[in-house]
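Enquirer: Shown below is the structure under consideration.
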Amino acid sequence: MRLFQCMTFFPLRIFYRYVSNTRLQVFQNATQIVDPERIRNVGIIAHIDAGKTTTVERMLYHAGLIRSMGNVDEGNTTMDYMEQERERGITITSAAITIPWIKHRINLIDTPGHVDFTIEVERSLRVLDGAVAILDASAGVETQSLTVWRQANRYHVPRFIYINKMDKPTADLSMCLDSIRQKFAVEPLLLHIPIGHGKQFTGMIDLLNETKISSNDQIKFSSEFLTKERLKLIEKLADIDDKIAELLLFTDKPISNIQLKQSICRLMIRNQRFVPVLIGSSLKNIGVQTLLDAIIDYLPNARIIPGSLSNLGTLIYIFKTIHDRQKQPLSFARIYSGSVKRRISLINTRTNEKEQINKVFLPFADNMEDIDEIRAGSIAVLSGLKEASSGDILVSSKKLDLDTFLNDLKQQYIFLPDPGLEAPTPVFFCTIETYSESGQKQLDFALKNIKREDPSLRVRIDEQTGQTILLGMGELHIDIIRDRLKREYGLETYLGPLNVNYREMLRKFIKQTIVWNSTINEKHATISITLSIEPIILDDKKIISFSQIQITRSDEQNFEYLKQEHVEAINHGVRLALSTGLIKGAEVVNVQVKLHDIQLTGYISPALYSAAASDCVRACLRHADCVLLQPMMRVEVICVADRTQIVLDDLARRHSQIIDVQQGISGGLQESMSTIITRTPLAELIGYSSTLRTLTSGQADFTFAIDGYEPVRSH
């Protein structure tokens, strides 16, 4: 038996050492690629279940980084490394990896497709030079597909589309192309023609390279067909690219695939009304190598700030932070200028304090390869930064006025991300408690770390009960936080009922004066404060929280005696009053607060400034005709056509606004389906999944995304 064990495990040890050495060699080759023109910083964006993680797994296999391909259903993929991701079969956090391909280096970020983790897409897109949007061939553009596409539009990220799952029986290429036109408002440039349909899909014809990419060598196609389809693509390009138009009209030579690729590159940067479209089936490993080639051929190289810029030195942008038990805080950074080495000190432009980098790593999902130095154009993981968080910019240059310096730099290099990160507004909240009082300090510490990692998580303390309150993006988001507390910090916690995170808003201008009297140690003090509140009208259904008061100075009152600490105390009191409105105790938003007058007698401590300001704002709110705001969701329900009316009736009972009802055929099954698009109050969607399943006998699915706030109706 012992001999058998030796014979069994010795070869395995050799195999694993071989795999590790092979990956290390691949990484060493990647680190030698330092020319920004040979670096691509690319993100994978899509709706949930479009096949992002499966696609990336195949990419890693073809690049030689893994020896066997994992499967999402089996929970053994490289990029979904969190236990929660592997158990649930979804991507929760964005994961970065370095892929060498054809003498280039691809720094790839796989982002989540679930609406609860949109912040991961938001902060990743800020540092990317290009993106691949993946669509499910049977579903086309879905709700979250549209959300991430709009995010990419906001950051002007060049991208192309990869239509995945062409082997599904319900795959429908025409429907996908139509949905791209209608929902993305762009014209698709189809670069591939499919070979076979549904389960018979075996590959595609590459129109640019005039080649067949197929697992079935027996399939033939005529040169006339290829020439005809290629000419259609060239004519479409000629309509939008002058150089191709000149070649088509004034030269007799055939247009080469290199010239066509150059044309597509120009369109990716200058004209985002047209988007290249590739097709494939990542699960069947069809089209993945072509996809890697397209990243190199079509997406822009890494953008950097030239080293010739005087006195700039190193400039990096922190876009993500995680806490690793062994390496402590790890910061994901995009290097825009200079280089980053071990033991280097940089200045955090937010705090104006120095921070030291201990080690530099190349990312490989949850594994890191230690390196000595990394240069501009790359994405790296840094250890040792104690205070840096998402949105921070760190520089080596010792400028006296860092804000002015960064503003000037931003005007010259518009691709440089803005400092800070605006997290989406949480739509749910609940209380969280430990089962013992001794666990509260540990809970506070754990939530502080998780909040630093996840800016979309908010934590606050109820002023009346002292309970800790979690505010998150959805049921899944909060459930994941609770699970992480248990797995990573060993904390058993109890969650209170999940509540919709309403807001309150005033509808008219109000100005009030209150007088606050205080007697401490027989010393009398009086503060009289005059504040006004008025609504901020926004056209895009957004909400903004109170930031700071505006001081209205006049000849009679210039507030010359008002110190900064007093202003901060007043701001604190205003925030406290606005955090609990008078209708439902919800935060009051979209409000502007002005300080008009303040009169003092005796010594007034900062606490009294704060208390007086808080009382004055509450007095204003009592007369401000406030309304309750509720989060509205854009809902997309796909069901079999004969259940359409039943679903519509149920949505009407949930006070939905019906936006559109579309009829269509579902791919190869030739089954009539309906797509219902609505705006529905979030409160009406709690438990909707099980109701929809019952109404349609399991023949329906739905997705939703936040679509602003609006006043609650009288019901």
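Enquirer: Subtracting the Cα-Cα distance from 0.36 nm times the residue separation, let me have the gained length for Lys594 to Thr211 in nm, one decimal.
Expert: 131.1 nm
Enquirer: Assuming R0 = 56 Å, can you tell me the calculated FRET efficiency for the pair Leu538 and Gln32, based on Cβ-Cβ distance, to the nearest 0.05?
Expert: 0.65
Enquirer: Additional query: Would you compute the Debye intensity of segment 14-298 from its alpha-carbon atoms alone, equal scatterers and no solvent, and pass along log10 I(q)/I(0) at q = 0.10, 0.15 Å⁻¹ to two decimals?
Expert: Taking Cα atoms of segment 14-298 as identical point scatterers yields -0.53, -1.22.
Enquirer: Got a number for carbon plus sulfur as a percent of the chain's accessible area, 1.4 Å probe?
Expert: Ligands and nucleic acids excluded, carbon and sulfur reach 49 percent.
Enquirer: Of the trypsin sites (Lys or Arg not before Pro) in segment 309-372, which ones lie in a loop per DSSP and count no more than 13 other C-beta atoms within 10 Å?
Expert: For trypsin sites (Lys or Arg not before Pro) across segment 309-372 that sit outside H, G, I, E and B with at most 13 neighbouring Cβ atoms in 10 Å, the list reads Arg325, Arg343.
Enquirer: Another one. Please work out the ratio of the alpha-carbon Rg of segment 196-290 to 2.2 N^0.38 Å and round it to two decimals.
Expert: For segment 196-290, the normalised Cα radius of gyration is 1.21.
Enquirer: A follow-up question, please. Residues with beta-carbon under 11 Å from that of Lys410, excluding Lys410: net charge, scoring Lys, Arg +1 and Asp, Glu -1?
Expert: -3
Enquirer: So if a site counts as exposed when it's one of the GluC sites (Glu not before Pro), its DSSP state isn't H, G, I, E or B, and it has at most 16 other Cβ atoms within 10 Å, what's the longest stretch of the chain without one?
Expert: Looking at the chain, 211-386 is the longest stretch - no exposed GluC sites (Glu not before Pro) with at most 16 other Cβ atoms within 10 Å.
Enquirer: Give me the accessible area per residue for segment 31-170, probe 1.4 Å, as a whole number in Å².
Expert: 29
Enquirer: Now for a different question. Could you state the orientation-averaged shadow area of the convex hull built on the Cα atoms of segment 504-624, in nm² to one decimal?
Expert: That works out to 7.9 nm².
Enquirer: With runs of 4+ DSSP H residues as the only contributors, calculate the mean residue ellipticity of the chain at 222 nm using -39,500 (n - 2.57) per run, divided by the residue total and rounded to the nearest 500.
Expert: Calculated at 222 nm, the ellipticity per residue is -9500 deg cm²/dmol.
Enquirer: Still on this structure: Going Cα to Cα from Lys228, which lysines come in below 30 Å? Please leave out same-chain ones fewer than 8 positions away.
Expert: Hits, sequence-local ones excluded: Lys165, Lys168, Lys183, Lys199, Lys212, Lys220, Lys236, Lys243, Lys253, Lys261, Lys284.
Enquirer: For helix 644-653, what angle does its Cα long axis make with the longest principal axis of the chain, in degrees from 0 to 90 and rounded to 10?
Expert: 10
Enquirer: What FRET efficiency comes out for the pair Gln557/Glu463, r = Cβ-Cβ distance, R0 = 22 Å, nearest 0.05?
Expert: 0.10
Enquirer: Quick one: compute the contact order of the chain, relative version, from alpha carbon pairs under 8 angstrom and 6+ residues apart, as a percent.
Expert: Here the relative contact order equals 10 percent.
Enquirer: Probe of 1.4 angstrom, ligands and nucleic acids ignored: what's the accessible area per residue over segment 307-412, in square angstrom?
Expert: Result: 45 Å² of accessible area for each residue.
Enquirer: Moving on to the next point. Under the definition of Cα pairs under 8 Å and six or more residues apart, what whole-number percent is the relative contact order of segment 439-578?
Expert: Worked out over segment 439-578, it gives 12 percent.
Enquirer: Taking a quarter of the surface of the Cα convex hull of segment 577-715, what do you get in nm²?
Expert: For segment 577-715, averaging the hull's shadow over all directions gives 11.9 nm².
Enquirer: Here's another thing I want to ask about it. Using a 1.4 angstrom probe, figure out how much accessible area segment 629-711 has per residue, in square angstrom, rounded to the nearest whole.
Expert: 43
Enquirer: Would you kindly calculate the translational diffusion coefficient of segment 428-543, applying Stokes-Einstein with the Kirkwood radius from alpha carbon pairs, for 25 °C and a viscosity of 0.890 mPa s, and quote it in µm² s⁻¹ without decimals?
Expert: The Stokes-Einstein estimate is 139 µm²/s.
Enquirer: Give me the percent of DSSP beta bridges within segment 101-175 that run antiparallel, rounded to the nearest 5.
Expert: Looking only at bridges with both residues in segment 101-175, the antiparallel portion is about 25 percent.
Enquirer: Taking the alpha-carbon centroid of each part, what is the distance from segment 63-93 to segment 488-556 in angstrom?
Expert: 46
Enquirer: Sticking with the crude label model, points 7 Å out along Cα→Cβ, report the distance from Glu235 to His197 in nm, one decimal please.
Expert: The answer from the label model is 2.4 nm.
Enquirer: Follow-up question, since we're still on this one. What do you get for the angle between helix 223-240 and the principal long axis of the chain? Use alpha-carbon atoms, 0 to 90 degrees, nearest ten.
Expert: Computed tilt is about 30 degrees.
Enquirer: Taking the structure as given and computing percent of Cα pairs over 36 Å apart, which label from (1) 51; (2) 66; (3) 58 fits?
Expert: It is the one labelled (1).
Enquirer: Against the longest principal axis of the chain, how steep is helix 257-270, in degrees 0 to 90 to the nearest 10, with axes from Cα atoms?
Expert: The angle comes out at about 10 degrees.
Enquirer: Can you tell me the length gained on complete extension of the stretch Asn153 to Gln663, counting 0.36 nm per residue apart and subtracting the Cα distance?
Expert: The Asn153-Gln663 span can extend by a further 180.7 nm.
The values are calculated or read from the model by the stated rules, or taken from the named source; none is laboratory data. Source: prediction; values computed, not measured. Every residue, glycine as well, gets a Cβ built from its backbone with ideal geometry; the counts of neighbours run over all protein chains shown. Ligands, DNA and RNA are stripped out before the accessible areas are found, and what is left, the full protein with its side chains, is counted by its heavy atoms. Shrake-Rupley method; radii C 1.70, N 1.55, O 1.52, S 1.80 Å.
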